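Report on one structure; see the data block that follows.
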Amino acid sequence: MPYSFKGGVHPSAFKRATRDKPVEDMPPPERIILPMQMHIGTPCEPLVRVGEQVKLGQMIGEAKGAVSAPVHASVSGKVQAIEPHTHVSGRNVLSVFIENDGLDTPHEDMRPRGSVESLSPEELLATVLEAGIVGMGGAAFPTHVKVSSVLGKAEKLIINASECEPYITSDHRLMLEAPEELVGGVRILMKMLGLSEAVIAVESDKRDAAEMVRRTLPRKRSNIKVVTLPKRYPQGSEKQLIKAVSGREVPPGQLPLSVGCAVFNTETTAAIHRAVTTGLPLIRRIVTVTGSAVSNPKNLMVRIGTTLKAVFDATGGFRETPNKVIVGGPMMGTAQHDLDTVVVKGVNALLAFSRKEDARVDNPICIRCGRCVSVCPMNLLPVYMYMHEQKGNISELDKLRIRDCLECGCCSYSCPGRLYLVQSFRTGKQKINDKNENLKAGGVADGK
């Protein structure tokens, strides 16, 4: 039985344009650009040199530090350059440019690792690391680190198949077209974590996908259950999903493990299955390409390192000049200013919107209605967080637990005054980080 969580909103789904469109293989572009940081943590160190010939699936970026994940070539070809390039985050990140030779010559390491039954949990975990798998729902936290941190501690495994953000249908199509990859990945996670049961959580607007996954499971006594949840945003957030599935509430500032849960994204789980059974590292992913400015919305299988422009071109380009391009969903995605930016491991959607959908106003103003407080799923006080961020009261932001903010956008979505709330909270978090860095360096921190 599903449980309820506090707050949340019910935005229009806008999934009709792509939900019934099968995933198409996008032809790889003539050039691939691979940032050495596609994950939370320490950037990779390039293993190749300019002019070197590389093969499909070859590791070209070595993981460094305790939290990192390697990067692999998503085409075969020649290394053209190794230099900084614009990242979806807006920063310049050291990247490897590869000229595609069109041959897709596979690297020798791309081979099956063996059956799940024959491999130990340690061997499975090593495969996840070698494949460069990260959280593919957007967070991009290295999966092998996440698995290692919950070994012997997690009691409940939850697969996040809710896909609650509007427009995005990539996980939906994966469950419809490759349910065996999802179920296979769940079994691998269960073995690594030493758990005998798992739950796949799907929202009610994807009942066809839930039924397809159920058909893949044994008819009797399956230790993997598919749970259908009422549609609600941001149910795909780990803490809210845990509450919805188990009734357990993750305390402020704590991780899911504090209530014995481990949560993994749908495509991350399928990528684990592919890495073990075929040796395929994380070099491609499903991307939903849609929005009012897109000529022919599609779900595409895209090589990691493909430019946004090339992906949009694969859908027929724009029907009109877009007013805004977003990587990710409309609630939590990041607006882009350069279409030469590339698809990285955490990108599940590309959205392009026309000017008629621009809801910004020149002078946003708070009318003290309290809607932002009522919809906040983290029990925060967005109206006061906004006020203190605008005034630069950094110590007050800490007291208001601004760092617990999910940046889910429920407050901005509900605000009749059109305040830039999430943008303000991101700025506030950065101000706190800057203050702490100043204190560590022995300097004088700004703020009150």
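The values are calculated or read from the model by the stated rules, or taken from the named source; none is laboratory data. It should be emphasised that the depicted structure is a prediction, and the values quoted were computed from it without experimental measurement. In this analysis, Cβ positions are derived from the backbone assuming ideal geometry, glycine residues included, and neighbour counts consider all displayed protein chains. Surface areas here come from the heavy atoms of the whole protein model, side chains and all, with no ligands, DNA or RNA. Shrake-Rupley method; radii C 1.70, N 1.55, O 1.52, S 1.80 Å.
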Legend entry - Mean residue ellipticity (222 nm) of the chain, computed from DSSP H runs ≥ 4 via -39,500 (n - 2.57), nearest 500: -8000 deg cm²/dmol
Inset, instruction - Can you tell me the alpha carbon radius of gyration of segment 110-278 divided by the globular rule-of-thumb value 2.2 N^0.38 Å? - result: 0.96
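Where does each of LYS391, LYS231 land when they are ordered by accessible area, with a 1.4 Å probe and the largest first? Numbers along the way, then the final one.
Details: LYS391 135, LYS231 65 Å².
Largest accessible area first, the residues go LYS391, LYS231.
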Legend entry - Listed pairs LYS156/LYS225; LYS146/LYS225; LYS206/LYS231; LYS6/LYS146 exceeding 19 Å between Cα atoms: LYS146/LYS225; LYS6/LYS146
Inset, instruction - List the residues whose amide H sits under 5 Å from the amide H of GLU24, counting only those 5 or more places along or on another chain, with H placed 1.01 Å from N in the peptide plane. - result: ASN299, LEU300, MET301
Legend entry - In sequence order, calculated HN-Hα J values of segment 151-167 (Karplus, 6.51, -1.76, 1.60; Hz; x Gly/Pro): 4, x, 10, 6, 10, 9, 9, 10, 9, 7, 10, 6, 6, 7, 5, x, 6
Legend entry - Nitroxide proxy distance, nm - points 7 Å out along Cα→Cβ at GLU122 and ALA139: 2.7
Legend entry - Rounded accessible area per residue of the chain, 1.4 Å, Å²: 44
Legend entry - Answer label, with percent of Cα pairs over 42 Å apart calculated from the coordinates and candidates [x] 34; [y] 13; [z] 28: [y]
Inset, instruction - Quote the accessible area belonging to TYR386 in square angstrom, nearest 10, computed with a 1.4 Å probe and with ligands, DNA and RNA left uncounted. - result: 40
Legend entry - Dipole magnitude of segment 202-297 about its Cα centre (Cβ charges: Lys, Arg +1; Asp, Glu -1), debye to nearest 20: 400
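For the chain, what relative contact order do you get, as a whole percent, if you take Cα pairs closer than 8 Å and at least 6 residues apart? Numbers along the way, then the final one.
Working: 1015 pairs, mean separation 82.7, N = 448.
Relative contact order here is 18 percent.
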Legend entry - Spin-label model distance (nm) - GLU177 vs GLU108, 7 Å beyond Cα toward Cβ: 3.3
Legend entry - Vicinal HN-Hα couplings computed from phi for segment 272-286 (Karplus, 6.51 cos²θ - 1.76 cosθ + 1.60; Hz; Gly/Pro x): 4, 4, 5, 5, 6, 8, 10, x, 6, x, 7, 10, 8, 7, 7
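Dividing the Cα convex hull volume of segment 349-434 by residue count, how many Å³ per residue is that? Please report the intermediate quantities before stating the final value.
Working: hull volume 10.3 nm³, N = 86.
In segment 349-434, the Cα convex hull volume per residue is 119 Å³.
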Inset, instruction - Arrange the residues VAL287, VAL226 by how much accessible surface each exposes, largest first, with a 1.4 angstrom probe. - result: VAL226, VAL287
Inset, instruction - Calculate what fraction, in whole %, of the accessible area of segment 33-104 sits on carbon and sulfur atoms when a 1.4 Å probe is rolled over the protein chains. - result: 50
Inset, instruction - Give a residue-ordered list of calculated ³J(HN,Hα) values for segment 83-90 (Karplus: 6.51 cos²θ - 1.76 cosθ + 1.60, θ = phi - 60°; whole Hz; x for Gly, Pro). - result: 7, x, 8, 5, 9, 4, 6, x
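Report the full-extension gain for the segment ASP398 to LEU151: residue separation times 0.36 nm, less the Cα-Cα distance, to one decimal in nm.
Values: separation 247, 0.36 × 247 = 88.92 nm, distance 3.18 nm.
The ASP398-LEU151 span can extend by a further 85.7 nm.
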Legend entry - Partners for LYS21 among aspartates and glutamates (Cα-Cα distance below 13 Å; same-chain residues under 8 apart left out): ASP171, GLU177
Inset, instruction - Could you list, by residue number, the cysteines of the chain that have no other cysteine's beta carbon within less than 4.7 Å of their beta carbon? - result: CYS44, CYS164, CYS261, CYS366, CYS369, CYS376, CYS405, CYS408, CYS410, CYS415
Legend entry - Pairwise FRET efficiency - GLU249 versus SER196, Cβ, R0 = 25 Å, nearest 0.05: 0.55
Legend entry - Estimated dipole of segment 281-400 in Debye, rounded to 20 [Cβ of Lys and Arg +1, of Asp and Glu -1, Cα centre]: 340
Inset, instruction - Could you point to the residue in GLY41, THR18, GLY8 farthest towards the positive end of segment 1-93's charge dipole, with +1 and -1 charges on the Cβ of Lys/Arg and Asp/Glu respectively? - result: GLY8
Inset, instruction - Would you be so kind as to identify which of VAL327, PHE425, VAL71 lies farthest towards the positive end of the dipole of the chain, taking Lys and Arg as +1 and Asp and Glu as -1 on Cβ and the Cα centre as origin? - result: PHE425
Inset, instruction - Extending each Cα 7 Å along its Cβ direction at ILE367 and GLN390, get the distance between those two points in nm, one decimal. - result: 1.5
Inset, instruction - Could you calculate the FRET efficiency of ASP358 with ASN379 from 1/(1 + (r/R0)^6), where r is the beta carbon distance between them and R0 is 45 Å, rounded to 0.05? - result: 0.90
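I'd like to compare 43-55, 175-187: which one has the highest average count of other Cβ atoms within 10 Å, and what's the full order after that? Can you show the working numbers first?
Working: 43-55: 16.4, 175-187: 21.2.
Going from most to least packed, we get 175-187, 43-55.
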